[in-house]
Amino acid sequence: MTLEIYDTTLRDGAQGVGINFSVSDKVRIAEHLDRIGVSVIEGGWPGANQTDTEFFAQLRGMTFAHARLAAFGATRRPGVLPQDDLQVRALLDSGAPVITLVGKSWDAQIRDVLRTSPEENLSMIAETVAWLVEAGREVCFDAEHFFDGYRSDPDYALRCLETALSVGAHRIALCDTNGGTLPDTIEAVTRRVTADFGAVAGIHCHDDTGCAVANTLAAVRAGAVQVQGCINGYGERTGNANLCTLIPALQLKMGHRLVDDAQLRHLSSVARDVAEIANLHPPINSPYVGAAAFTHKGGQHVDAMRKASYAYQHIDPATVGNHTRTVVSSQSGGANILDRARELGIDLSDDRALVRQVTARVKELEHRGFAFEDADGSFELLVERARGQERPFEVIDYIALVEQREGQDLVCEATIKVRIGDDVVHTAAEGNGPINAIDAAMRKALSPTFPQTATTQLHDYKVRVLDGHGGTAAAVRVLIESGDHERRWSTVGCSTNIIEASCVALADAFEYCIVQARRAVAEDAASA
């Protein structure tokens with residue numbers, strides 16, 4: 001059976017905490033959604049805010065390769081004709097070929113929220129759907145709080161669906177708006193709807209019990225033909241059903257054909273790109289598309305994976321555009337070190353003694369508080385040092401001063417001595433904080449000899465307290481993400497002194513930059 005993918009990232013997803021899409025953000029996301037074969041893209045609620053109104057104006061007349069655009073709105077207000085309700089007219093004016101019309105199906109909501117009668121609510125549904133259908137639009141009736149309504153008064157909840165279908169609604173979406181229903185109930189109720197009305201139902205689930213994906217799969221088993229959700233599970237409160245989990249689960253596990261293989265391979269990159277547009281970190285633990293989905297850490301797991309890739313992976317990660325990754329930590333064995341080094345382009349298979357040395361060093365440093373899972377730059381340097389690579393520079397000493405005097409601006413200054421070959425370079429710099437001052441002083445010392453360090457940018461700086469019981473005297477771990485115009489890398493430092501931990505991570509960041517530049521020159525010379 002062919003299923004429709006209905007995406008509501010631009011409307012329901014935009015209601016998630018911390019998400020604020022601009023018009024250009026929404027256009028870019030819509031292009032990504034079309035790229036993975038989404039059937040319907042719900043663009044927002046025209047007339048509800050300026051962003052959504054401008055979005056529909058900008059996309060007027062635009063044709064997607066795969067998707068159709070839907071505008072979201074509500075049934076007419078009690079006692080008002082559809083053509084006299086400005087928000088209903090805004091739906092028509094949006095130009096969207098699909099209109100998703102939300103209406104009440106729970107008697108308690110009709111009484112307490114709409115403050116009207118059940119019969120008037122049925123008239124609101126019928127008249128609004130009919131008016132939009134007569135105007136040539138395809139209408140999906142979004143039965144809000146449907147499962148709560150069915151629990152309260154099943155006959156009335158079903159009458160709401162019947163009313164919408166009788167005047168031309170193309171789809172009826174069964175909404176678990178509060179996210180409080182469990183899969184067995186979702187499946188049973190959806191099966192009843194399918195038996196009564198045929199293959200016309202969609203399913204729209206929120207994740208308040210952590211069951212949105214499971215609920216959606218249950219509804220599909222019961223005959224739902226449309227699945228609604230958001231990229232990365234964004235949405236109101238705890239979010240909506242995660243399409244990045246639903247699409248591969250339905251296609252790879254349940255045999256439904258939703259998208260073609262090439263579109264499915266774009267899923268991981270789209271999940272990351274939408275997260276970047278939303279200015280959020282991609283969810284690391286997200287099934288299928290998360291960075292951790294096919295990442296292996298335990299030594300026993302990694303050893304088994306090297307012998308049989310199916311051992312701890314339920315699918316080939318390339319199917320969804322992801323990849324296998326090995327991380328190193330205190331849980332690591334030699335297999336982790338070999339695999340992670342190989343991923344970084346370093347072959348250690350012929351030097352078991354070195355592998356044991358690196359493994360022991362990783363365990364020692366992690367015991368002290370270092371963490372190499374997300375610090376590939378520091379791990380690669382650790383391996384190269386174990387192989388005897390000479391360090392391009394050495395930090396001899398440094399001083400960081402912070403001065404605050406009454407009536408004066410805060411002053412932060414750092415001095416640093418760095419040994420480069422046989423020379424000692426002594427520099428000073430100011431910054432808006434002690435770490436920024438050390439960063440500036442270190443760049444000033446290194447850039448005349450290593451000019452690539454001058455263009456290295458710091459993209460992220462994170463501090464983690466390792467033991468809160470120590471208070472301000474506790475050890476801290478500093479993770480720094482740096483990069484240039486070609487790549488990014490992460491380095492780590494750890495100390496009971498936050499400045500020392502930062503300085504260690506900064507020094508590794510600059511050293512990694514230098515080592516990579518030298519390697520690139522050597523590779524160019526070898527290929528010339």
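The values are calculated or read from the model by the stated rules, or taken from the named source; none is laboratory data. These numbers were taken from a predicted model, which means no experiment stands behind them. Virtual Cβ from ideal backbone geometry, glycine too; neighbours counted across all protein chains shown.
Picking from residues in the stretch 176-188 that are surrounded by fewer than 24 Cβ atoms within 10 Å (Cβ to Cβ) and of a type in the set (A, V, I, L, M, F, W, C), the one that is farthest from the chain's Cα centre (by Cα) is Ala188.
Would you point out the residue of the stretch 211-230, among those that are among the hydrophobic types (A, V, I, L, M, F, W, C) and touching a strand residue (DSSP E or B) at 6+ places or on another chain (Cβ under 7 Å), that is nearest to Ser268 (Cα to Cα)?
Residues of the stretch 211-230 among the hydrophobic types (A, V, I, L, M, F, W, C): 211-214, 217-220, 222, 224-225, 227, 230.
Still in the list and also touching a strand residue (DSSP E or B) at 6+ places or on another chain (Cβ under 7 Å): 212-213, 219-220, 224-225, 227, 230.
Details: Ala212: 20, Val213: 18, Ala219: 25, Val220: 23, Ala224: 26, Val225: 24, Val227: 19, Cys230: 14 Å.
Going through the qualifying residues, I end up with Cys230.
Pick from the stretch 12-28 the residues that are touching a Phe, Trp or Tyr at 6+ places or on another chain (Cβ under 7 Å) and under 28 Å from Lys253 (Cβ atoms): which of them is surrounded by the fewest Cβ atoms within 10 Å (Cβ to Cβ)? The selected residue is Gly16. Residue count for the stretch 88-119 satisfying the condition of being crowded, with 20+ Cβ neighbours inside 10 Å and without any contact (Cβ under 8 Å) to a residue 40 or more places away in the chain: 1. As a summary of the residue check, Ala57 satisfies the conditions (1) free of Cβ contacts under 8 Å to residues at least 40 places away in the same chain; (2) under 27 Å from Ser268 (Cα atoms) except for the one numbered (2).
Of all the numbered requirements in (1) within 23 Å of Ala475 (Cα to Cα); (2) modelled with pLDDT under 85, Gly407 misses one, and that requirement is (1). For the stretch 124-155, a tally of residues being surrounded by fewer than 18 Cβ atoms within 10 Å (Cβ to Cβ) and farther than 21 Å from Val98 by Cα returns 5. For the stretch 236-244, the criterion of being touching a residue at least 12 places away in the same chain (Cβ under 8 Å), buried (at least 24 other Cβ atoms within 10 Å of the Cβ) and among the polar types (S, T, N, Q) is met by at least one residue.
If you take the residues in the stretch 199-224 that are in contact with a helix residue (DSSP H, G or I) (Cβ under 9 Å, 6 or more places away or on another chain) and within 13 Å of Ile172 (Cβ to Cβ), which one is surrounded by the fewest Cβ atoms within 10 Å (Cβ to Cβ)? Spell out how you get there, then give the answer.
Step one: list which residues in the stretch 199-224 are in contact with a helix residue (DSSP H, G or I) (Cβ under 9 Å, 6 or more places away or on another chain), which gives 200-207, 209, 211-224.
When the remaining residues are screened for being within 13 Å of Ile172 (Cβ to Cβ), the result is 200-204, 219, 223-224.
Working: Val200: 22, Ala201: 26, Gly202: 26, Ile203: 30, His204: 30, Ala219: 29, Gly223: 20, Ala224: 29.
Looking at residues that are in contact with a helix residue (DSSP H, G or I) (Cβ under 9 Å, 6 or more places away or on another chain) and within 13 Å of Ile172 (Cβ to Cβ), I get Gly223.
In this structure, Thr181 does satisfy being in a loop (DSSP other than H, G, I, E, B), within 25 Å of Ala14 (Cβ to Cβ) and not aromatic (Phe, Trp, Tyr).
Can you name every residue in the stretch 262-299 that is among the acidic types (Asp, Glu) and touching a residue at least 40 places away in the same chain (Cβ under 8 Å)? Result: Asp273, single match.
Name the one entry in Arg342, Arg385 that is closer than 23 Å to Ile284 by Cβ, without any contact (Cβ under 8 Å) to a residue 12 or more places away in the chain and of a type outside the set (A, V, I, L, M, F, W, C).
Details: Arg385 fails: closer than 23 Å to Ile284 by Cβ.
That would be Arg342, the only listed residue that is closer than 23 Å to Ile284 by Cβ, without any contact (Cβ under 8 Å) to a residue 12 or more places away in the chain and of a type outside the set (A, V, I, L, M, F, W, C).
Okay, residues lined up against (1) touching a strand residue (DSSP E or B) at 6+ places or on another chain (Cβ under 6 Å); (2) at pLDDT 95 or above; (3) in a helix (DSSP H, G or I):
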site	(1), (2), (3)
Gln87	yes, no, yes
Ile99	yes, yes, no
Ala108	no, no, yes
Glu127	no, yes, yes
Ala130	no, yes, yes
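Of all the listed residues (His266, His301), the sole one being under 21 Å from the mean Cα position of the chain (by Cα) and either under 17 Å from Cys230 (Cα atoms) or at pLDDT below 90 (or both) is His266. If the condition is being part of a loop (DSSP other than H, G, I, E, B), among the small types (Gly, Ala, Ser) and in contact (Cβ under 8 Å) with a residue 12 or more places away in the chain, then the stretch 132-163 contributes only Ala135.
Can you confirm whether Phe72 is in a helix (DSSP H, G or I) and either surrounded by fewer than 24 Cβ atoms within 10 Å (Cβ to Cβ) or among the aromatic types (Phe, Trp, Tyr) (or both)? Against the criterion (in a helix (DSSP H, G or I) and either surrounded by fewer than 24 Cβ atoms within 10 Å (Cβ to Cβ) or among the aromatic types (Phe, Trp, Tyr) (or both)), Phe72 does not qualify.
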